[in-house]
Amino acid sequence: MAQKTDLIIKAKKVVYRGEKFWEILAFSCYDVEELPIKYFETMPVFFKDKDRFVVAYTNGECLEFKVGDLVGAREFARATRTIRFCGHRLHLINDDIKELKKLWVGQETFDVSGDTYVQKPRNKKKNVQQNVHEIEAKSVNNV
């Protein structure tokens, strides 16, 4: 379960070659190793991987940036909307994990010694040719 952390991107407005960009100054979010496995079962997702911030969208696109990168204003707005959505989904997953931790408690002892294990006979499937031979033998005997 991811621990509570502030999800922050600090950025500065920049005009580069006549276009609006955000220069990434700093960011704080969950490291990929802190996030629950269930979080990665569906897209979109966001996370920190070493010094990179990653946003993976549902259509397979991926935005990666690090401190000092310029991110277009429209792409940055899309990323922040997606991050808010992911944050909400992560919150719900963490609530489920809290409930699971309340229910999944205690300990048990399992006897796994060889004396108590009995293997059930397997129902082996016969190949088609064996079945044909058996049917032919039965029909010959019935004639």
Check: Quick one: length gained pulling Val14 to Asp111 fully straight, 0.36 nm per residue minus the C-alpha distance?
Finding: 28.3 nm
Item checked: Gain in span if fully extended, Ala26 to Lys102, counting 0.36 nm per residue against the direct Cα distance -> 23.7 nm
Next item on the list: Multiply the residue gap between Val54 and Glu33 by 0.36 nm, knock off their C-alpha separation, and tell me the result in nm, one decimal place.
Entry: 6.2 nm
Next item on the list: Translational diffusion coefficient, Stokes-Einstein: compute it for segment 8-101 using the Kirkwood radius over C-alpha pairs as Rh, at 10 °C and 1.306 mPa s, and state it as an integer in µm² s⁻¹.
Entry: 112
Next item on the list: Pop the C-beta distance of His91 and Asp69 into the FRET formula with R0 = 30 Å and round what comes out to the nearest 0.05.
Entry: 0.65
Notebook entry, point to check: Taking θ as phi - 60°, what are the ³J(HN,Hα) couplings along segment 44-56 by the Karplus curve (6.51, -1.76, 1.60), each to the nearest whole Hz, with x for Gly and Pro?
Noted result: x, 9, 9, 5, 9, 10, 6, 9, 9, 9, 10, 10, 10
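Coordinate-derived values only; no laboratory data. Computed from a prediction, not measured in an experiment: that's the story for all the values here. Because the Cβ atoms are built from the backbone with ideal geometry, glycine has one as well, and the counts that use them run over all protein chains shown.
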